[in-house]
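Reading through the structure tokens given below for one structure.
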Amino acid sequence: MLFLSEQEMWQSVTLEDVMDAIEDAYAIHKSGNYKMPDRFIAQRDKNMMLYMPCFLDSVIGTKMLSEFPDNPSLGIPYLNGLMILNNAKTGLPKAIMNGSVLTAMRTGAVGGVALRYLAPEDAASVVLDRLTTDFFSYLFFSRI
């Protein structure tokens, strides 16, 4: 089984690779060739666990995230999680990676893909309005 840390995830792909993967995900969504149930949320007080499975013919992916609003006061990130990939035919686990990093990559790359197609060719700047999300968006925007 493959285990990918935050650092290994950033070293394994380029920003362009991630944006290309987002475009592939859009194509899969358009084709309808997937099964993605509504995410399941388990909540106690203001703390939440989110479970998000998705079945493709080639792989099953499940992102599991925790959202604990008091974590920053403890010096811990608000959002933490894992992404687990399973073999689609056997269910055997194939990989585990940092779900928080994957979420940041995805969020930034979605904006980057939008800029690929929607930004005027002579655009020279972008306005960002949220710190964490926008930091990752900026990484991807800078590649366009």
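Values quoted throughout were computed directly from the atomic coordinates according to the rules given, and no laboratory measurement underlies them. Not measured: the values here are computed from a predicted model. Every residue, glycine among them, receives a Cβ derived from its backbone with ideal geometry; neighbour counts consider all protein chains shown.
Observations on the structure shown:
- In terms of its C-alpha gyration tensor, the stretch 54-124 comes out oblate, because a/c is 1.5 or above while a/b does not outweigh b/c.
- Extending 7 Å from the Cα toward the beta-carbon at both E6 and K46 defines two label points whose distance is 2.3 nm.
- Least to most buried among M83, M19, M9 (fewest other Cβ within 10 Å first): M9, M83, M19
- For K30, K94, the sequence from fewest to most other C-beta atoms within 10 Å is K30, K94.
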